Structure formats: C-alpha cells, structure tokens
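In what follows, a structure is listed as structure tokens, so that the remarks can point back to it.
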There are 2 protein chains.
Amino acid sequence: MRFGTDVAAKGVRERRFDVEVGGRTVPGLLWTPEGDEHPRPVVMLGHGASGSKSQDYIVALARGLVRHRGLCAVAIDGPVHGDRRADKGEVDGLPFADFVARWSADPALIDDMVADWRATLDAVQALPEVTPGPCGYWGLSMGTIFGLPVVAAEPRVSVAVLGLMGIAGPTQDRFTADAPTVRCPLLYIVQWHDELFPRDLAFKLFDAFGSGDKRMHVSPGMHAEVPAEEFEASGRILGEHLLD
Amino acid sequence: MRFGTDVAAKGVRERRFDVEVGGRTVPGLLWTPEGDEHPRPVVMLGHGASGSKSQDYIVALARGLVRHRGLCAVAIDGPVHGDRRADKGEVDGLPFADFVARWSADPALIDDMVADWRATLDAVQALPEVTPGPCGYWGLSMGTIFGLPVVAAEPRVSVAVLGLMGIAGPTQDRFTADAPTVRCPLLYIVQWHDELFPRDLAFKLFDAFGSGDKRMHVSPGMHAEVPAEEFEASGRILGEHLLD
C-alpha cells in the first residue's frame, strides 16, 4: 500500500493510496478522522458506472460516515473508471453503454474487482486506525454489480447497502447464484421509475437475498435520483450494525 | 368532548374521552406529556381490524411520539371495534372476516369514520395542549382503509404513514379515486409476504398516491409482522414534518 496526497478538512482526513493486486494497480481513497487514530470499522464504498472514487456523492457519504457515524470509509476506482481509465479520468464521465459493453464482454471483470476489494480491505484493516474484522459495504448500480459478489464472498462484510440493480444484465446468472448466499443485514434501494433496471427485476433480486434481516426502500424518480434520505438511512444502518 | 379516566406513567398522560358525532358516540384516547401544557402537533392513530385504540402497538407508538418526538397522539375505536362493540371489547379480537363482511356491506362506514376522525381532530385541537392546524395521520391495514379517505379529505393532515393495504377490497374504487388527491409527505409500509393484500396490489396503491414526497418501505414477513424499525421510521418522519 503506497500513500499519495494527504489532506484534511472539517475533521476528516482523506488519503490517496494505491494497492497492487495480481499485476493491477488499484487506486483508492481512505477517509478517517483527523487527529484521532482510535480504530474504527471501515465501510467500502462502490461508485456507479461513469463515476469514480472521488465523485461527489461518494465523498459526501464517506465524510458523513466519519463525522456523524463513528466509522471510516474507503473507495476504489472500478475497472475502466477514474484513475484506471486510459485518460486517468481527465475527461468527465464514461457513457453507461461503454460500461455495459465491457461488462458483457468480460465476466472475469467481476472476479478481478472482488480480488481488488479484498486486497484493499486487507491493506486498510492492517492500519492502526481501522478495526480488523467486521466491516460494511455500500454500493448502488455498478456498485452493486461489483459489490454483490464482494458481499457474498467476503465474510468480514457484516452489513451492506445495495440497490439500483436487479436480476438483470450480462451477469444475472451470477446474481441469482450469489444473492441467496448473502446473509448479512441489508438495506436495498430501489428507484420506482428506474429507466435502466426495471422495478420488477429489482424486486426479484430483493426476494433472492438470503438475509433474514433485509429491507427495501423505494422512492419515486429515475435511476440517478436517489433522495438524500436514503443516504441518511444508509449511514444509520451502517452505524447501528458496525458499532453495536 | 367528555373526559373519563386520566392516568399517567413515565411522563405520558393518557385520557379516555368520548366525542359525539351524528348521533354516534366515538370513544378515544389522548396522549400528551404529563405536566407540560405547551401545545404540540397531534398525530391521529388508526388501529387495525380486530384491534382497538388501546391495543399494544397503538399505545406504544403513542407513548413514543410523546416521549421522543415532541408530539401528542390520539386514537379512536373503529366501527364495531373496542368500546364500540356490542360486548364493549370484553371478548378479545374480532375475526378479520367479520370486518370484511361489514366493510363489504356498508360503504357509508368509511364516510362515517371520516366524520368521526374530523370531529375528534376538531375536539382535541381545541385543547390548549394541542396545536391547531397541521397534524399527522398514522394507520396500517384497516387504519389505511379508513385513514386514506381521512388524509384525502382533511387538509390539516400534513404528513401520513399508511400501508398494509392495496388497490384491493370492497372499496378499491374509492382508493383509486382518493389516492391521487393525497399530496402530503407519505411513508408507505409493505410486508413482502402479506397474506391478506398481495404485494402487486400494494405497489399499485403506492404508485397512485399524488404525493411527490413519498417513500415505500418493504420488509420480509406476513401482514402482522411489521418490524420495530418501521415504527421508528414512522416516528422520525412524523416528527420531522410536524416540528420543522
């Protein structure tokens, strides 16, 4: 784990880092409280397609977890996103269709991203300011495409927030296989008018999760219109389960 | 408004009252803070079929609104329930089928209950300890059958919690007509395995509400298995909207 820039604002320290995994360099950001190295559980934050580890809602959620929920947070760029893009993310956005093309062409993409997350988790949990063991996962849309297999594979994940997805897309067979193996407490977020993943398929995925302790929050609006209260609900459930 | 028994426990005063409406005597309970007459907004609590104004979850919710949310609460017995039963509620429970038979036979039942709630609201809002004007409504199942028309008819209702219902039952045409006229912020509660009102019909009702600010919380389990966290979520949304 190599650290890069290290900045702080309003009590939150943000560090850029790289982790090496299977020949890949995985770029990430770690948020911890400034001037307090008492260990805290970490939440992995998976961004959406065409976003990155440093897009606004990821940074805002991370800072809120540190400031108001007693946690720390880590995000990594997804494949072909952020600093893993050929242009290093200098051009804004990646068309959703481009991600879907890649998703369709390469099923190994998901296994690689699961490995990237697990190596990242190992690295940050080796730091004195991060509690080893139970952690959280939060990711919607592409953050669920990659995150559902992480939550299924990684026994340290003790609470998860997933959503904006369904039994849909090129890896729907994998979702069908993985979802029943998810057993941790779960908040599942659906947008009623989601134009990318129809609600019926989202409901099928909710039904498939093996967690006894799960709940689905449905809001009006399109895919990208998740209301602020669901970010609040995310922070609440992550805090409740990781700090009990 | 005639008051009866008046008791207090752990900071919450509970008063039995009767209101006369169109020749009917409507029995109710009012919960306010003990020893504090500073006015607070009130939430109307509508119980479910076979329950009453004094069943456990109604009393627990009422006491929580008074103790933790800065509100007061009022409940009345539904028709053929509680003190409005021939046996005065001395025999526990009323089979759900008996309620459905009455619901099917008498559409005026709903208009009467709307009148009962409005007269009750007038009466309690005339008390110095209750704020006139904006108020809340909370009611699931039969509490939505009677409550949806109350929320639609009564402009003072500024926030509502409804659920365990659908575009279903003998008055489904009325729900279809009333739901789009509901404009206040709304929390709508659904049980995924509801054996009385299938989820597809519940989703149709969610879709039909006219509120721009609405959200649906779905939990696993049958009709009567609403988890504690949805009572917490109810208190949160009622408090946020009535005390802003």
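The values are calculated or read from the model by the stated rules, or taken from the named source; none is laboratory data. Keep in mind the model is a prediction, meaning the values are calculated, not measured. Here the Cβ positions follow ideal geometry from the backbone for every residue, glycine too, while neighbour counts run over all protein chains shown. Quick note on the areas: whole protein, heavy atoms, side chains included, nothing else; ligands and nucleic acids left out. Shrake-Rupley method; radii C 1.70, N 1.55, O 1.52, S 1.80 Å.
Okay, here's what the table says:
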item	result
Förster radius 56 Å - calculated FRET efficiency between B:Gln172 and A:Asp36, Cβ distance, rounded to 0.05	0.50
Relative contact order (%) - chain A, alpha-carbon pairs under 8 angstrom, separation at least six	17 percent
Rounded accessible area per residue of the protein assembly as shown, 1.4 Å, Å²	39 Å²
Calculated label separations, B:Arg199, copies of the chain, 7 Å along the beta-carbon direction, nm	1.3
Inter-chain shielding of B:201-212 (mean C-beta neighbours from other protein chains, 10 Å cut-off)	1
Length added when fully stretched, B:Val80-B:Asp244, from 0.36 nm per residue minus Cα-Cα	55.3 nm
CD proxy at 222 nm, helix term only [per DSSP H run n ≥ 4: -39500 (n - 2.57); per residue of chain A; nearest 500]	-10500 deg cm²/dmol
Shortest-first distances to equivalent copies, position B:Met222, nm, label 7 Å out along Cβ	4.3
Percent accessible area from carbon and sulfur atoms, region A:2-242, protein chains only, probe 1.4 Å	53 percent
Across A:Lys10/A:Lys53; A:Lys204/B:Lys53; A:Lys53/B:Lys214, pairs whose alpha-carbon gap is larger than 26 Å	A:Lys204/B:Lys53; A:Lys53/B:Lys214
Other-copy label distances relative to B:Ala108, 7 angstrom Cα-Cβ extension, nm	7.7
Sorted peptide list for A:45-54, B:157-166, criterion being average Cβ within 10 angstrom, highest first	B:157-166, A:45-54
Interface B:A - total buried accessible surface [probe 1.4 Å, Å², rounded to 100]	1400 Å²
Area of B:Thr25 that stays accessible when all protein chains are in place (1.4 Å probe, Å², to 10)	60 Å²
Coil-residue trypsin sites (Lys or Arg not before Pro) of region A:64-149, DSSP, other Cβ within 10 Å capped at 11	A:Lys88
For region A:1-52, alpha-carbon Rg over 2.2 N^0.38 Å	1.28
For the B-to-A rotation axis, chain B residue with nearest beta carbon and its distance in angstrom	B:His217, 3
Cα extents of the protein assembly as shown along the three principal axes, largest first (Å)	82, 45, 37
Shielding by partners, peptide B:226-237 (average Cβ within 10 angstrom, other chains)	2
Which of B:Thr5, B:Thr176, B:Thr144 is most accessible, then next, and so on - probe 1.4 Å	B:Thr5, B:Thr176, B:Thr144
Spread of Cα-to-Cα distances over 5 Å intervals beginning at zero, given as percent, for chain A	1, 7, 15, 20, 21, 18, 11, 5, 1, 0
